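Read-outs throughout are calculated quantities, based only on the coordinates presented, and are distinct from any laboratory measurement. No experiment lies behind these values; they were computed from the predicted model shown.
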Amino acid sequence: MHRLKIVILLFLLFPHISAGQNNTIANIQLENLDSQKTSLKNYYKHGPLLIDFWAMWCIPCRSELKVFQALYEELKDKGITIAAINIDNQKSIAKVKSFISSQNFSFPNFIDPNSELFRLFNGQNIPYSLIIDTLGNVIKRRTGYEPGDELIIKEDLIKLARKR
């Protein structure tokens with residue numbers, strides 16, 4: 001009985017983030033820069049999704065986003081989506097909008113000003129990216145960015161796209 005209590009406690013403290021184990025990810029709502037909400041499921045149901053958490057103050061994040069724009073242009077016709085989620089506070093939204101506009105990012109952009117999604121996905125440091133399959137399962141997690149990382153990410157996304 002004592003073991004059962006421990007298992008239940010661990011389950012409550014560390015929820016699984018995958019559709020195969022519960023519906024947590026399927027019910028996640030994203031907010032875009034214009035305060036419109038949409039379901040995360042809309043972005044992974046047709047193909048693999050790369051989510052990238054970032055902040056304005058994070059130089060590697062901004063570098064990674066520029067690389068992800070090129071990757072998005074290359075892969076979007078293969079059913080692969082890239083989405084960026086900014087975790088700056090609400091006061092920085094105007095700066096975020098301006099930066100995204102000036103860089104001509106065409107992939108979907110969202111905000112998480114209280115870092116709720118970031119924490120839900122067990123984010124600790126940024127940049128932090130996740131690859132999600134069409135069932136909503138988190139397949140890969142990655143923290144940090146070094147030039148060349150995008151080649152590994154691209155390979156992972158293409159492999160996943162072939163499986164669908």
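With N the number of residues in region 110-164, Rg(Cα) / (2.2 N^0.38 Å) evaluates to 1.23. Rg and Dmax over the alpha-carbon atoms of region 78-135 stand at 12.5, 36 Å. For region 16-163, pairs of C-alpha atoms spaced more than 20 angstrom apart make up 43 percent of the total.
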